[in-house]
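K.L.:
Quick one: structure below, then a few questions.
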Amino acid sequence: MRKQWFIVLLVSMCSIACVESDSDSPNAELGNTARGLASTSRAASATFDAQRAFAILEKQCEFGPRPPGSAAHKETQSYLFTELQKHANSVVLQPHQYKTETVTLHLNNILAEFGPPRSGETLLLAAHWDTRPFADRDPKPENRDKPILGANDGASGVAVLLEIARVLKAHPPPRRVVIVLFDGEDYGRSVENMFIGSRFFARNLGKWKPDYGILLDMVGDKDLTLPIERHSWNANRGFTEAIWRRAATLGLTPFQHRLGDAIMDDHVPLIEVGIPMVDIIDFTYPYWHTLEDTVDKCSPKSLEVVATLVISIVYDGL
Ligand SMILES: [Zn+2]
């Protein structure tokens, strides 16, 4: 992802509305329905195993840096595909080639489908599974051509979604959920050669289009700070604020109800084709695009915080 600098404006946001259900109220039936969904959401949240998610983060890092074209990239793709097959209705690769000035990349998005078949609402859950080929933000100049491990920048979002895949199998969701793991997000030195997989995905949707989606990127660091990402808010303000209000209702304090930076990331190509997308990203991570983006900088608790929010949206809706 890339940061876009804007003058930070403080904005006032609407306060959180708490609605209490009341069995004597005219909305008693609705309240009971909401309680039923909430109990499923609680059961699903309890099924999410933060240690298991963290082990998935570690497993990806054990392959080493995972930039397109590397052996580790191939091994990781195989691992992710196999793991998703254990839980999803179906898993497919979305292969595509991308030519730079010097090389042709062979990339694959990985898509996994859960829940009821193609009818009703579809929620897209996204992350990128490739890692950056060079640590161009490393404080040591001699490291800046070396590939990063991407414990947070890459592996964290994938870890949350793979563990959620297991939860979705145990607790079938009330809406269709598609997990997409994008390739080629972090490839280029400039934005022209980044977000390759998400751009391909957005261009090749055909008649199908998810109703809304959540992108996870850099969600595993120990000191998790998640302000509202500005591109998400600019494009779909009501949707984005609903996500952060839900986080507040759930008591997830790393989600900060204030506007943060505008980050170029995989959600932007999808927003451009009309899909409401929210990017959940911690851009205060000091090890971003350095060789220090390693497992010890991440925590199971952070993965769990983000998973709790996503699971609530999956089972309770917006
Ligand atoms: Zn990155």
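K.L.:
Where in the stretch 218-301 are the strands (runs of 3 or more DSSP E), entirely inside, with at least 3 residues that are within 27 Å of ASN109 (Cβ to Cβ)?
P.N.:
Those strands (runs of 3 or more DSSP E) span 262-264, 277-281.
K.L.:
Another one. Can you name every residue in the stretch 146-155 that is under 14 Å from the mean Cα position of the chain (by Cα), within 11 Å of the ligand (Cβ to nearest atom) and either β-branched (Val, Ile, Thr) or on the phi < 0 side of the Ramachandran plot (or both)?
P.N.:
ASN152, ASP153
K.L.:
Here is a further query. Restricting to the stretch 150-201, count the residues that are touching a residue at least 60 places away in the same chain (Cβ under 8 Å) and assigned to a loop (DSSP other than H, G, I, E, B).
P.N.:
17
K.L.:
Now for a different question. Name the single residue that is farthest from the chain's Cα centre (by Cα) among those in the stretch 220-236 being closer than 15 Å to GLY260 by Cα and within 16 Å of the ligand (Cβ to nearest atom).
P.N.:
For the stretch 220-236, the residue satisfying everything is HIS231.
K.L.:
Hey, another quick one. Determine, yes or no, whether GLY184 is touching a strand residue (DSSP E or B) at 6+ places or on another chain (Cβ under 7 Å), at positive phi and crowded, with 20+ Cβ neighbours inside 10 Å.
P.N.:
Criteria met by GLY184.
K.L.:
Could you list, in sequence order, all residues of the stretch 123-139 that are within 14 Å of the ligand (Cβ to nearest atom) and not basic (Lys, Arg)?
P.N.:
ALA127, HIS128, TRP129, ASP130, THR131, PRO133, PHE134, ALA135, ASP136, ASP138
K.L.:
Given the criteria within 14 Å of the ligand (Cβ to nearest atom), surrounded by fewer than 22 Cβ atoms within 10 Å (Cβ to Cβ) and within 18 Å of the chain's Cα centre (by Cα), does PHE283 qualify?
P.N.:
The answer is yes for PHE283.
K.L.:
Hey, could you check the stretch 54-111 for residues that are among the aliphatic types (A, V, I, L, M), touching a Lys or Arg at 6+ places or on another chain (Cβ under 9 Å) and within 27 Å of SER302 (Cβ to Cβ) and say which is surrounded by the most Cβ atoms within 10 Å (Cβ to Cβ)?
P.N.:
If we take residues in the stretch 54-111 being among the aliphatic types (A, V, I, L, M), touching a Lys or Arg at 6+ places or on another chain (Cβ under 9 Å) and within 27 Å of SER302 (Cβ to Cβ), then ALA88 is surrounded by the most Cβ atoms within 10 Å (Cβ to Cβ).
K.L.:
Considering (1) more than 19 Å from the chain's Cα centre (by Cα); (2) within 16 Å of the ligand (Cβ to nearest atom); (3) not small (Gly, Ala, Ser), say which one HIS171 fails and leave the rest.
P.N.:
The failed condition is (2).
K.L.:
Now for a different question. Just checking, which of GLU163, GLU142 is at pLDDT 95 or above, within 21 Å of ILE311 (Cα to Cα) and more than 16 Å from the ligand (Cβ to nearest atom)? Please lay out each step first, then the result.
P.N.:
Values: GLU142 fails: within 21 Å of ILE311 (Cα to Cα).
Just a single option satisfies the conditions, and that option is GLU163.
K.L.:
Still on this structure, I have one more. Suppose we keep only residues that are away from the ligand (no atom under 12 Å from the Cβ) and in contact with a Gly (Cβ under 9 Å, 6 or more places away or on another chain) within the stretch 183-207. Which one would you say is nearest to LEU125 (Cα to Cα)?
P.N.:
For the stretch 183-207, the residue satisfying everything is SER198.
The values are calculated or read from the model by the stated rules, or taken from the named source; none is laboratory data. Everything quoted here is computed from the prediction, not taken from an experiment. Cβ coordinates were reconstructed from backbone atoms using ideal geometry, including for glycine residues, and neighbour counts include every protein chain displayed.
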